[in-house]
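Report on the following structure.
What follows draws every value from the coordinates through simple rules; no lab data is involved. Since the structure is predicted, the reported quantities are computational estimates derived from the model, not experimental observations. Here Cβ is always computed from backbone atoms with ideal geometry, including for glycine, and neighbour counts include all displayed protein chains.
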Amino acid sequence: MTRRLSTSQAVRQVDRPIFTTREIASLSGGSLSVTTRVLQQTERKGLIKNVIRGLWCVPTDSRFTPFALVHHLSRGDRSYVSFLSALHIHGLIEQIPQVIYAATTGHSRSIRTTVGSFSFHRITPKLFGGFDWYGDQRAFLVATSEKALIDALYLSSRKGKRFRFFPEIELPQHFSTVRAKKWVELISDPIIRKYVLERLRKITSHAREMRKVSSSLK
């Protein structure tokens, strides 16, 4: 006979800073309603936190990062951290976005959780790429610096003009304009492609001028 685990034992066995009510119920053998009540009691002790209905996290776990929630909040659609969030992660902008931005194959939508707000934006399948695991722990997928910039410029051309005005952008030495332009070439609409290419040219030109100024002051 299989020995059932208590809810706390199930949480430890999952051994991840993010988990679902269904996972814990499956391991403990309890119903979803009973498991939810026990998890809520654990939350009141400050040990875990309910992100949204059915999804929990352990904020004190050193492995936890809100960026890792993107996968769990994408409702089965493919997604990766991008736009201003990825630009900040890679050091292209200093300003910390108050929202975590992600590209997705699903519908664009915004989600408010107890640990932050998330903004998902649909990217055309041809542009869905240019991302990799972040860090040694591979906690979440994030766009490369080049792809994050192109994603943001692409979105700024669409209805609503989101990201029309950027914070000050500093392009690091490793930023490749060539790689960025390869992503621009995949934009099928010629008007949008021209718009993104022109904005990329202005940003890279400004970044080069700022480097010259910085170098002259040293």
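Is there a quick way to get the dipole size of segment 95-192? I mean about its Cα centre, with the Cβ of Lys and Arg at +1 and of Asp and Glu at -1; what is the value in debye to the nearest 20?
For this selection, approximately 480 debye.
In whole Hz, what ³J(HN,Hα) sequence does segment 58-72 give by Karplus (6.51, -1.76, 1.60; θ = phi - 60°), x for Gly and Pro?
Those phi angles translate into 10, x, 7, 6, 4, 7, 7, 8, x, 4, 5, 6, 3, 4, 6 Hz.
Once label points are set 7 Å from the Cα along Cα→Cβ at both Asp189 and His206, what is their separation, rounded to one decimal in nm?
In this crude spin-label approximation the distance works out to 2.2 nm.
Over segment 7-57, what per residue volume does the convex hull of the Cα atoms give, in whole Å³?
With only Cα atoms used, segment 7-57 gives 59 Å³ per residue.
So for the pair Phe165, Ser33, with labels modelled 7 Å out along Cα→Cβ, what separation do we get in nm?
5.2 nm
Placing +1 on the Cβ of each Lys and Arg and -1 on the Cβ of each Asp and Glu in segment 37-93, which of Leu87, Leu39, Val70 has its Cα farthest towards the positive end of the resulting dipole?
Final value for the positive-end residue is Leu39.
Over the chain, what relative contact order in percent results from Cα pairs under 8 Å that are six or more residues apart?
Working: 308 pairs, mean separation 30.0, N = 218.
Computed over the chain, the figure is 14 percent.
222 nm [θ] for the chain, helices only, -39500 (n - 2.57) per DSSP H run of 4+, per residue, to 500?
-12000 deg cm²/dmol
Take the Cα of Arg53, step 7 Å along the line toward its Cβ, and report every residue of segment 108-127 whose backbone nitrogen sits under 15 Å from that point.
Hits in segment 108-127 for Arg53 at 15 Å: 112-114.
Could you point to the residue in Pro172, Gly130, Thr114 farthest towards the positive end of segment 66-212's charge dipole, with +1 and -1 charges on the Cβ of Lys/Arg and Asp/Glu respectively?
Checking the options against the dipole of segment 66-212, the answer is Gly130.
Rounded to the nearest 20 Debye, what is the dipole magnitude of segment 7-57 about its Cα centre when Lys and Arg each give +1 and Asp and Glu each give -1 at the C-beta?
Values: 8 positive and 3 negative charges, 30 e Å.
Charge dipole, segment 7-57, about its Cα centre: 140 debye, nearest 20.
Among Val51, Val178, Val81, rank each residue by its count of other Cβ atoms within 10 Å, from fewest to most, as a rough exposure measure.
Ranking Val51, Val178, Val81 by Cβ neighbours within 10 Å, fewest first, gives Val178, Val51, Val81.
Give the label of the value calculated from the structure for Cα extents along the principal axes in Å, choosing from (1) 49, 46, 26; (2) 69, 35, 29; (3) 69, 43, 28.
Here Cα extents along the principal axes in Å agrees with entry (3).
Given +1 on the Cβ of Lys and Arg, -1 on the Cβ of Asp and Glu, and no further charges, what dipole in debye does the chain carry about its Cα centre, rounded to the nearest 20?
So the dipole magnitude of the chain works out to roughly 460 debye.
In a shell of Cβ-Cβ distance under 12 Å around Phe64, excluding Phe64 itself, what net charge do Lys and Arg (+1) and Asp and Glu (-1) give?
+2
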